[in-house]
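What follows is a single structure, written as structure tokens, with notes after it.
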């Protein structure tokens, strides 16, 4: 595995399966009375958030704390960044303070890549979402959720998602979640279909390792999991689609549409959901919807990534089991 | 000593000849000229070209002297073999009045490295709504003949039409930065396969092509000539080719970087590759080379755009657009056009000296290397191979996309009206 996690496309199949297997072990820790491992004791992780994102930040923070890391939260608002400090200077400041890893969320596509490759900083960099580029830990937690549900927590170990049919619906153009998921799911052997109005599909998509459809109803019966992407209402004003109602009618998931899916099929959403827009309350609250589970799995997957990037080669959990004896 | 003998140079890449300079002019060209009373420059194996002319340079003075000044910019130009540069109008204040263009012109004359011909803004403040005093700039000491809002497109069709018509009164030309503004809101790079993967806002080819198509039709309608800045797509080439076949008076330029680099470079997210118009695809690069070879594209222009280090040492979206180019242009043209067999050195003289001087009406520049002509000359060691080292640039800025890249050719001497501005590869 590479030193940094910048893009889901950087992961080989074996890397990805190792992360998912490790995350499965981490998930078991969450079932114990004491949910903490000593693995990253004495290591400092900085959550460097240039963009507001409470849920991703909290998820990383929980993962870091469960691994006993010391956590520094750096939010750009109200900091020196809002006074004009550059990414480079911020990075070098953190480096000087001796952080062992940086988790970065940034509004500019490529900012984590620059951070990792410009020589500004030595520590491993984990991309927690950059612009409309990538959000690799989101893709990992989605894949983890699919594997658990479609194959099973134990049966899934060592397995990829070969032959599973996954559909992503919504604003692909502006979605880092879509890009990361297409890359990772393809690596894991799944067949991916993107469904969106043509205005929300990027020019150049024809080279992506997936299919594209404009017709949700035709795709749903052949889907093992459908992932609804958030659609911002403001897109309407830039003429990406005529009205919210028309969008919901053509691309939203309601109970009737959900019924066309196979019985085992999952409904997923990276959150935050816009209820009434891309998903109805009926679907969001149904048993098939994994939104809450995805959040829980996010912590396990991020623990696995932090452990594998920072913790070295020893097995994550067996190591602590020995300590417990 | 007022006489200089350049001995044994391949004039325009042809047979070895001697060129004798007396004062400001070329006295004789021929074999075995007498060296009596002259300084001799041994130029065996080197290529002698007319002094290069750049129709598209940003010198940044007044206003952004932290990135370039007329002095540093003209020193960079001389280093690259240029004897005349046209300075774009997007300074602070904008070169939209006689006062500003005269200042820039005089600074060029005072420094003496390279003639500076200011370009006047088409519209007041480059805002695209009100014509600047084009006539006053033409009648000023700077004698402006080229007008451009470069950096911004004259997107209003009526304003563009009026500008094209108005400059006919004094034989001026409007140089259009072709970029449909609505189609390029938030644009960060070429829209295509790479932008879709990188998640960077797309700058579609059609935003350039639609403006060029409109403007050649406007030029035809009002009987004016129009010049297209930094043409960057295969589609633009086809439109210009069509317009020329129809007899429309259009000329076009291509930058060295669009002849060499593609949007694949953007995968590094290194803003040194961020430029406007953006780097395009391999297919576009090949179409541009072919068009420059067959004359559809008339000239190479650098779009030399200096930026301070901090404006490039950051994340892509926050970075400024533009690359320096004066000191590497001839090398890039040698690699992409001469060594590929697409252009002879005589044709390079046309694309980088004669034609830009003709389009911009630069007096005394772009003249043949023959007796009686002004001694504006460039001597090139085309056998040289070396890595580009920005630390050695004369420009105040270092934002080159070629750092560490091996490029062929090195300008060893530049003469501006008989006076050496570059000697043995160093500024005189």
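The values are calculated or read from the model by the stated rules, or taken from the named source; none is laboratory data. Values in this document were obtained by computation on a predicted structure and should not be read as measured data. Reconstructed Cβ throughout: ideal geometry from the backbone, glycine too, with neighbour counts over all protein chains shown.
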Say we look at segment A:14-65 and pick out the residues that are in contact with a helix residue (DSSP H, G or I) (Cβ under 8 Å, 6 or more places away or on another chain) and loosely packed, with under 13 Cβ neighbours inside 10 Å; which of these is farthest from residue A:184 (Cα to Cα)?
A:38
Checking residue A:85 against (1) touching a residue at least 24 places away in the same chain (Cβ under 8 Å); (2) within 14 Å of chain B (Cβ to nearest Cβ), which single condition isn't satisfied?
(1)
Tell me, please, whether a residue that is modelled with pLDDT of 95 or more, more than 30 Å from residue A:46 (Cβ to Cβ) and surrounded by 16 or more Cβ atoms within 10 Å (Cβ to Cβ) can be found in segment A:228-238.
yes
Can you pull out every residue in segment B:241-262 that is surrounded by 24 or more Cβ atoms within 10 Å (Cβ to Cβ), in a helix (DSSP H, G or I) and touching a strand residue (DSSP E or B) at 6+ places or on another chain (Cβ under 8 Å)?
B:256, B:257
Being assigned to a strand (DSSP E or B) and under 13 Å from residue B:119 (Cα atoms) narrows it down to one residue among B:20, B:59, B:55; which is it?
B:55
From the list B:317, B:291, pick out the single residue that is in a helix (DSSP H, G or I), within 11 Å of another protein chain (Cβ to nearest Cβ) and in contact with a helix residue (DSSP H, G or I) (Cβ under 9 Å, 6 or more places away or on another chain).
B:317
Flag if residue B:216 is more than 10 Å from chain A (Cβ to nearest Cβ), at pLDDT 95 or above, part of a helix (DSSP H, G or I) and in contact with a helix residue (DSSP H, G or I) (Cβ under 7 Å, 6 or more places away or on another chain)
yes
Kindly indicate the residue of segment B:263-275 that is assigned to a loop (DSSP other than H, G, I, E, B) and crowded, with 22+ Cβ neighbours inside 10 Å and also nearest to the other protein chains (Cβ to nearest Cβ) among those meeting that condition.
B:269
Which of (1) modelled with pLDDT of 95 or more; (2) out of contact with any helix residue (DSSP H, G or I) (no Cβ under 6 Å at 6 or more places or on another chain) does residue B:428 not meet, given it meets every other one?
(1)
State which residue is farthest from the other protein chains (Cβ to nearest Cβ) when the search covers only segment B:320-351 and only residues that are over 17 Å from the mean Cα position of the chain (by Cα) and part of a loop (DSSP other than H, G, I, E, B).
B:344
Working only within segment B:322-344, note down all residues that are crowded, with 21+ Cβ neighbours inside 10 Å and either over 19 Å from residue B:387 (Cβ atoms) or not assigned by TED's automatic domain parsing to the domain that holds residue B:290 (or both).
B:322, B:337, B:343
Filter segment B:154-197 down to the residues that are away from chain A (no Cβ under 14 Å), under 22 Å from residue B:303 (Cα atoms) and out of contact with any strand residue (DSSP E or B) (no Cβ under 7 Å at 6 or more places or on another chain) and list them by number.
B:155, B:160, B:177, B:179, B:180, B:181
Scan segment A:215-233 for residues that are farther than 21 Å from residue A:132 by Cα and either outside the structural domain of residue A:172 (by TED's automatic domain parsing) or not in a strand (DSSP E or B) (or both) and jot them down.
A:215, A:216, A:217, A:218, A:219, A:220, A:221, A:222, A:223, A:224
Of the residues B:175, B:207, B:141, only one is part of a loop (DSSP other than H, G, I, E, B) and either modelled with pLDDT of 95 or more or surrounded by fewer than 22 Cβ atoms within 10 Å (Cβ to Cβ) (or both); which?
B:141
Inspect segment A:121-128 for any residue being over 18 Å from the mean Cα position of the chain (by Cα) and either buried (at least 24 other Cβ atoms within 10 Å of the Cβ) or within 14 Å of another protein chain (Cβ to nearest Cβ) (or both) and give the result as yes or no.
yes
